[in-house]
Every structure is written in structure tokens, then in C-alpha cells.
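What follows is a short report on a single structure.
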Amino acid sequence: MSATIEFEEKTFIVNGKSDDQFVNEKIINLRKMRDDYQNEIDKVSKNLKYLQDKKDNIQKEIDEEFLKQEHAYDLVGKYIQCNGEIYFVNNVERLFDGVKILSNWCCYSKDKLCYTSGNPTKVRNISFESLNAILSGEDKKFKFISKEKAFEIFNQIIEENNKHIGQ
């Protein structure tokens with residue numbers, strides 16, 4: 001036995017089902033579709049969160065690399081001491097794991113020669129850990145020093161060398 005019913009201004013033929021049974025089945029189907037879509041939304045949301053985290057991590061790495069480069073240029077125009085060697089930094093070159101300082105004025109420890117030259121020379125590679133030590137001022141082996149202190153050390157070394165030459 002079939003019957004004709006009106007639902008949402010449409011005519012439906014239901015095979016022996018009462019109006020409320022038809023509506024209940026329609027609601028059940030709609031709920032299933034809704035739940036399926038919600039599951040898809042949840043899945044997409046989870047993937048979106050994963051992709052957002054990956055993007056944020058990459059942005060963080062970009063920011064850290066940018067800061068390393070910016071900090072490297074903080075050395076330019078300064079005298080630095082690295083394990084007893086003193087450099088006046090004219091420029092820096094960014095390396096993968098640190099920086100290379102270019103200097104036209106360098107003073108080595110007392111057992112080595114001091115030199116100056118007119119053109120900046122690639123002098124020393126400095127790791128990012130050493131760069132951070134110089135910038136933070138927390139390390140005695142890697143630090144900024146004043147121009148006066150640099151020339152004081154330079155003059156002491158010259159005096160030591162002159163004493164050895166005079167003997």
C-alpha cells in the first residue's frame with residue numbers, strides 16, 4: 001500500500017509508511033549526513049592544526065636565522081677578543097654554522113706576530129655559540145674590548161717583541 005504525503009512543499013510517495021515514520025527516517029539520514037560532515041570537518045581541522053604547527057616552526061626557524069644574521073653584524077666596527085687574539089672587525093660573512101670576521105687589524109697572543117693591512121682580510125671563523133658569548137659579555141675568552149684596551153695589548157706585544165729582538 002502506498003501513500004502520498006507532502007513534505008517541505010514536495011509530494012512524496014511512501015510505500016505504506018506513515019508520515020511520522022517517513023519524517024523520522026529523513027531526520028535519521030540528515031543526522032548521519034551531519035555527523036559525516038562533522039567527522040570530515042574534524043579531520044580537516046586536525047590536518048589544519050598540523051600544517052599550522054609546521055608553518056609556525058618554519059617561521060620560528062626563519063626568525064632565528066634572521067636574528068643570527070642581524071647579531072653577526074653587531075660585530076662590525078668593534079674590537080673583539082677571541083682566545084687572546086684581538087680583531088678590529090670591518091665586516092662579517094655569514095656562514096652556515098657561524099660567521100667569518102674580516103679584519104684589517106689583528107693582534108695575536110704574545111708568542112705570535114701582530115699585523116695590520118690595508119684591505120680587510122678573512123681572518124677567523126666564529127661559531128654562533130662564540131658569537132653569543134661575545135654579544136652577551138658572559139665569557140672572558142670571547143668578548144668586546146675597547147679600542148684603548150686593544151691598543152694597550154698591542155703595545156705590550158710590540159714591547160715584548162722588541163725586548164726579544166734587542167737580546
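Just so you know, all these numbers are worked out from the coordinates, no wet-lab data involved. Only a predicted model underlies this, so the values are computations on that prediction, with no experimental measurement involved. Cβ sites come from the backbone with ideal geometry, for glycine too, and all protein chains shown count toward neighbours.
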What are the ³J(HN,Hα) values, in whole Hz, obtained from phi via the Karplus relation 6.51 cos²θ - 1.76 cosθ + 1.60 with θ = phi - 60°, for each residue of region 34-47 in sequence order, with x given for Gly and Pro? 4, 5, 4, 5, 4, 4, 5, 4, 4, 5, 5, 4, 5, 5
Interchain or sequence-distant (5+) residues whose placed amide H lies within less than 5 Å of the amide H of F142 are N83
Please work out the FRET efficiency for the pair Q156 and E93, using the Cβ-Cβ distance as r and a Förster radius of 30 Å; give the result to the nearest 0.05. 0.50
In the neighborhood of S130, defined by Cβ-to-Cβ distances under 11 Å, what is the net charge if each Lys or Arg adds +1 and each Asp or Glu adds -1? 0
Quick one: net charge around N29, please, counting Lys, Arg +1 and Asp, Glu -1 for every other residue with C-beta under 13 Å from its C-beta. +1
In nm, the gap between the two label points placed 7 Å beyond Cα toward Cβ at K26 and D53 is 4.4
Could you give the length gained on full extension between I41 and S146, defined as 0.36 nm per residue of separation minus the Cα-Cα distance, in nm? 31.6 nm
